[in-house]
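Just below is one structure, and these are the notes that go with it.
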Amino acid sequence: MLDILKLQLKNSLRDKIIVLSICLPVVVALVLKFYVPSVIVLEPQLAVVEGNLAGEQLEQLRELAQIEQYPTVADLKARVLNNTDEVIGVVYDNESSKYNFFLEGNETTLTHKLTAVMASVLSGNASSDPAESEILTANHDQMISLIIAITMMMALYLGSTFIIFTMVSEKEEGIAVLNQIMPISPTQYAVQKIILGFLGTVVITFVIGFMLFSSGKLVYLLPFLTIAAAYVSIIGLVVGSLAPDLVVAIITTKVVLLVLIFVPIIAFIMPPNLEHIKAFFNLIPSYPIFDGIIAISNGSNLTRILPNILIMVAHIAAGYGFYFAVLRPGGRFYSSK
């Protein structure tokens with residue numbers, strides 16, 4: 001058994017697609033770790049409401065940064081929430097005689113320092129507190145969670161790719177024919193094919209998880225990823241059993257992985273009034289994984305994640321049942337060449 005696993009590992013690592021599948025998620029995780037949320041340093045800009053500030057105050061602010069004027073406070077807040085750059089909203093409240101600063105919440109240190117300088121300039125360096133800052137609700141954290149989820153999905157499907165190419169390589173080398181007459185049970189054969197892919201997926205996803213998630217979230221993440229790794233292994237078994245040669249395997253792998261990684265994004269970007277439709281996305285094998293990773297990234301508790309786990313378990317039972325019924329070596333749809 002151990003010799004067979006060593007041979008599978010040696011043959012698979014010769015394939016550049018396998019090596020790329022291992023390296024790419026790790027590289028993306030490193031970029032997220034060290035360069036997000038501020039990949040580049042942006043020069044802060046100011047947003048004010050037309051007619052809200054006196055001319056002298058506007059001149060003082062123009063010495064600090066560029067100014068954009070908007071007709072209403074709502075338009076100003078919408079501009080601040082545009083996370084392609086950094087904008088500080090400045091509004092004077094006549095009732096409280098205070099300046100209100102609106103921030104998105106993910107600004108750089110430079111922007112926060114500029115906010116403090118503006119508060120001092122507008123107040124005339126008074127000792128009282130003439131300014132208040134408000135952090136607006138932005139979708140920045142959701143976008144980061146989306147990028148993290150896509151990265152984790154790429155790493156999870158490493159195991160599927162490994163299993164597919166191992167099984168197809170055996171078919172092209174004639175080993176698959178021997179597997180059908182060897183005295184091993186279908187369960188032993190399946191375990192033999194998925195064990196390396198499963199363990200490799202667990203290791204890679206755990207490494208990325210430690211890089212991108214806080215220690216508090218790892219309590220839920222690591223068990224979730226272990227179940228997900230077993231979950232995606234069935235995809236490798238199914239595709240590997242059906243694909244007759246390497247060309248078909250490559251094409252099928254690309255199509256399947258693109259669908260399984262990017263279809264859940266459709267559910268993610270759906271407007272709130274279509275929330276009820278998201279339930280149907282659970283029929284897609286990858287959606288419970290994607291949704292669970294998003295939930296963990298956002299700090300959700302076990303109650304929020306448990307439905308995803310139960311759906312994955314149901315898919316695992318159905319998937320492996322289907323494999324053992326018709327796709328195992330000697331099964332109705334198994335292709336040995």
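Within the range 62-84, can one find any residue that is surrounded by 15 or more Cβ atoms within 10 Å (Cβ to Cβ), among the basic types (K, R) and modelled with pLDDT of 85 or more?
Yes.
Can you find even one residue in the range 273-281 that is at pLDDT 85 or above, of a type in the set (A, V, I, L, M, F, W, C) and either touching a helix residue (DSSP H, G or I) at 6+ places or on another chain (Cβ under 6 Å) or in the same structural domain as L306 (by TED's automatic domain parsing) (or both)?
yes
Among the listed residues A138, A126, A155, identify the single one that is surrounded by 14 or more Cβ atoms within 10 Å (Cβ to Cβ), hydrophobic (A, V, I, L, M, F, W, C) and modelled with pLDDT under 75.
Being surrounded by 14 or more Cβ atoms within 10 Å (Cβ to Cβ), hydrophobic (A, V, I, L, M, F, W, C) and modelled with pLDDT under 75 holds for just one of A138, A126, A155, which is A138.
So if I check each of E107, E132, which one is in a loop (DSSP other than H, G, I, E, B) and either modelled with pLDDT of 85 or more or outside the structural domain of I269 (by TED's automatic domain parsing) (or both)? So that I can check it myself, show each step before the final result.
On the way: E132 fails: in a loop (DSSP other than H, G, I, E, B).
Only one candidate qualifies: E107.
Does F290 meet the test of being over 25 Å from G197 (Cβ atoms) and modelled with pLDDT of 85 or more?
no
The values are calculated or read from the model by the stated rules, or taken from the named source; none is laboratory data. Here the structure is a predicted model, which is why all the values come from computation and not from measurement. Glycine also receives a Cβ, built like all others from the backbone with ideal geometry; neighbour counts cover every protein chain displayed.
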